[in-house]
Amino acid sequence: MPTTMRRLAGPAVVSLLLVLLAVPGILLATGVIERGSVGSATGWVPDWDTADSQDWPADAVIYHVFVDRFADGDVPATQVAGSPADADYAAALTDWMGGDLVGLEARLDHVVATGANTLWLSPVNTGPAFHGYHPTDLLDVDPRFGDVEELRRLIDGAQERGVRVIYDLVLNHTSDQHPWFLAAQADCTGSEYVDWYRFSNCPDSYAAFAGLAELPQLNLDHPPVRDFVFDEVLPFYLDDLGVDGFRLDHVEGPSRDFWRVFDTELDQRWPDTLVLGEVWSQLAVIESYGDVLDAATAFPLRDRLLATFARGGDVRAVAMPIAATLDGAGLPDTGPPRQQTYLSSHDQSRFAHEAGGDLDRVALAYAAILTLPGLPTIYYGDEVGMTQTDALPDGADFADRWFREPMPWDDEVWASWDDAHLARVAAFARARTTTPALHAGRYLEVVGEGDVWVFERVHDDDRLLVALNNGEVAVDLGDVLAAAGWPGAAELSDAEVVVPAGAAVAGAPDGVAGVDGADGSGELRLGPLDATILRLPPRLTGPAPARFRRPPPDRNRATILRSPRCDPPPQAPARSRTAPPPPGIATERPPSGRLVAIRPRKLPPGPAWPRSGQRTRSAATGQGRPR
């Protein structure tokens with residue numbers, strides 16, 4: 001039996017299990033873990049106690065947790081061991097440090113406090129590596145993280161707070177310590193598992209992720225491997241555990257046909273599943289996966305966000321590629337996957353480090369991705385001002401250790417949080433999840449060059465004006481908008497402040513002086529490295545003037561925004577959902593016989609998020625669903 005729960009047997013083990021399951025409650029009751037506390041040394045408390053939203057996944061804001069570094073349920077304050085004061089700290093970051101599922105469950109209220117409504121869990125499957133990307137059993141949890149029941153309880157706890165959960169699923173490869181791979185190497189002529197991998201000459205020559213011998217690549221075009229994925233892996237996560245979606249690791253590894261069949265399985269059996277993919281490539285390659293992914297990590301855009309907001313570059317570096325992803329109405333093109341926008345990650349440096357520790361720049365960049373089209377993601381710790389203790393050159397061994405430092409819960413070990421920064425990021429995140437104009441509205445650029453970026457987000461009669469000042473001096477928004485000839489400039493006198501600017505300007509305590517001005521000047525000023533959201537009166541007469549509607553896409557301009565790093569991309573596949581697979585690939589399989597406990601979902605599913613504008617049919621209802 002592959003899971004921890006199924007391996008347990010006998011009265012003594014059952015008694016021990018009951019004790020272990022009670023541990024989180026004991027810790028909470030005794031105050032070892034303070035459930036609901038926002039974090040270390042913070043006095044800020046959000047105005048909301050649930051992350052529940054009405055339009056998921058269109059309104060999703062993701063909080064990305066690296067489990068081994070986030071919270072340890074076995075110690076006071078859930079503080080993961082290790083600090084820069086330790087002589088062996090750099091070495092410790094390359095190994096297990098103690099974060100676990102119980103600790104993360106105890107800190108779920110902090111996830112809600114960030115304004116996010118979606119939790120991205122790094123892999124917690126059994127395997128030799130602390131990061132979870134070297135799996136030896138996709139149907140079990142490594143005991144250093146916890147067990148399957150603790151994972152199930154974490155997911156339930158998140159969903160009870162309105163937080164959806166997406167799981168980081170590794171299908172491209174396994175660890176070389178996986179029983180299948182060991183069996184194949186031990187018997188190259190007789191083992192059925194030889195065909196489960198991509199051997200060119202068993203036992204020692206085989207395809208592997210990034211050429212790393214410890215990560216042999218699975219043969220996902222082999223029918224028994226597909227049976228395992230579709231009949232055991234997907235039901236385990238979607239039915240038994242009840243996750244709401246997947247982040248798919250290394251999408252470029254498996255064949256396009258595998259992903260089309262994977263997508264068909266989800267459409268027919270779990271049509272409300274969010275699918276986010278890692279396609280680490282140039283924009284054209286990323287866009288070519290629009291038939292199988294809802295969203296894809298926006299690697300090229302992240303480089304531009306760094307150049308603009310971390311280093312003070314022209315806002316056009318971000319405004320132009322954003323505009324290139326939209327149709328003539330200012331809505332996302334339904335062909336390519338939506339851009340999963342982010343600043344920091346487990347694979348790339350902390351944004352605060354790149355910005356020289358300037359949290360005003362970090363907050364401004366988060367204000368941008370939380371108000372622009374896309375799927376915004378907050379990397380754990382960014383919201384409280386985390387940076388890096390050190391850095392190594394790209395390509396150095398374990399250079400990514402510095403992107404994965406422990407979450408600072410204990411202010412006796414780590415510097416206290418920046419409460420104002422947390423409140424700032426959370427305010428924009430919460431506005432995103434609760435305001436249709438921000439997560440589903442049209443994008444209409446007003447000003448987008450130099451230091452100032454101003455745009456409208458419009459949904460039905462709701463009109464928001466978002467203003468970002470990437471410069472080191474304050475600006476008068478009225479002057480900026482009048483100079484641009486924006487027809488709504490006269491409406492500023494009736495604007496409502498949705499998210500105030502964060503730095504006080506011209507004597508206004510909330511950072512934005514009303515149109516009468518703190519000094520009676522009638523100015524509406526925005527401080528340096530600051531942002532605000534204003535609600536404008538409904539426009540009662542016709543659409544916006546043509547000048548402020550996005551023109552049809554200039555494909556030549558879009559082309560020059562793409563990186564030349566990769567070979568020319570393959571032709572994008574047809575958008576058909578029902579195209580037959582190549583001969584020999586099974587799409588209808590008998591049940592595997594595996595018993596999986598099916599539980600009702602905690603939250604009703606939100607409306608489906610269109611991928612390509614086509615419709616497929618649910619196997620259960622026979623009714624078409626927009627996908």
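Amide H neighbours of Y379 under 5 Å, at least 5 residues apart or on other chains, H built in the peptide plane: list them.
The answer is H64, L343, S344.
Along the Cα-to-Cβ line of A90, 7 Å from the Cα, sits a label point; which residues in region 386-405 have backbone N less than 11 Å from it?
390-393
Using 7 Å Cα-to-Cβ label points, what is the Q177/D327 separation (nm, one decimal)?
Going from the Q177 label point to the D327 one covers 5.0 nm.
Using modelled backbone amide H atoms (1.01 Å from N, in-plane), which distant-in-sequence or interchain residues come within less than 5 Å of N219's amide H?
Y197, R198
Could you tell me which chymotrypsin sites (Phe, Trp or Tyr not before Pro) in region 112-166 are loop residues by DSSP with no more than 13 other beta carbons within 10 angstrom of their beta carbon?
When the chymotrypsin sites (Phe, Trp or Tyr not before Pro) of region 112-166 are filtered for loop state and at most 13 Cβ neighbours within 10 Å, nothing remains.
Between D411 and D303, how high is the FRET efficiency from 1/(1 + (r/R0)^6) when r is the Cβ-Cβ distance and R₀ = 45 Å? Nearest 0.05.
E between D411 and D303, to the nearest 0.05, is 0.85.
To the nearest 0.05, what FRET efficiency results for A483 and T189 with a Förster distance of 56 Å applied to their C-beta separation?
In this case the efficiency is close to 0.15.
Report the charge-dipole magnitude of region 191-259 in Debye, nearest 20, computed about the Cα centre from +1 at each Lys and Arg Cβ and -1 at each Asp and Glu Cβ.
Dipole size: approximately 280 debye.
Rounded, prolate or oblate for region 136-204? Axes are the square roots of the Cα gyration tensor eigenvalues, ordered a ≥ b ≥ c, and the cut-off for rounded is a/c under 1.5.
Prolate, because a/c is 1.5 or more and a/b exceeds b/c.
Got a number for the accessible area of D240? Probe 1.4 Å, square angstrom, nearest 10.
Answer for D240: close to 10 Å² accessible.
Expressed in nm to one decimal, what extension gain is obtained for the pair D55 and D462 from 0.36 nm per residue of sequence separation less their Cα-Cα distance?
Working it through step by step, the gained length comes to 144.9 nm.
On the protein heavy atoms, probe 1.4 angstrom, tell me the percent of accessible surface of region 198-264 carried by carbon and sulfur.
48 percent
HN-Hα J couplings of region 63-71 from phi, Karplus 6.51/-1.76/1.60, θ = phi - 60°, integer Hz, Gly and Pro as x?
Each residue of region 63-71 in turn: 10, 9, 10, 9, 4, 5, 10, 8, 7 Hz.
Taking 0.36 nm per residue of separation and subtracting the Cα-Cα distance, what length does fully extending W48 through A490 add?
Result: 155.7 nm gained on full extension.
Rounded to the nearest Å, what's the spacing between the alpha carbon centres of region 231-265 and region 387-419? Just the number, please.
Spelled out, the Cα-based centre of one part sits 32 Å from the other.
Taking 0.36 nm per residue of separation and subtracting the Cα-Cα distance, what length does fully extending D390 through E449 add?
Working it through step by step, the gained length comes to 17.9 nm.
V233 versus A420, label points 7 Å from Cα toward the beta carbon: distance in nm?
4.7 nm
Amide H to amide H under 5 Å from L274: which residues, 5+ apart in sequence or cross-chain, H placed 1.01 Å off N in plane?
G245, F246
As an exercise, identify the GluC sites (Glu not before Pro) in region 327-414 lying in DSSP coil whose Cβ has no more than 16 other Cβ atoms within 10 Å.
E412
Can you give the accessible area of F209 in Å² (nearest 10), computed on protein heavy atoms with a 1.4 Å probe?
So the heavy atoms of F209 present about 60 Å² to solvent.
The values are calculated or read from the model by the stated rules, or taken from the named source; none is laboratory data. This one's a predicted model, so the numbers in the text were calculated from it and none came from an experiment. A quick note on method: Cβ atoms are made from the backbone with ideal geometry, for glycine too, and the neighbour counts reach across all protein chains shown. The protein model used for the area step is the full one, side chains on, heavy atoms only, and it has no ligands, DNA or RNA in it. Shrake-Rupley method; radii C 1.70, N 1.55, O 1.52, S 1.80 Å.
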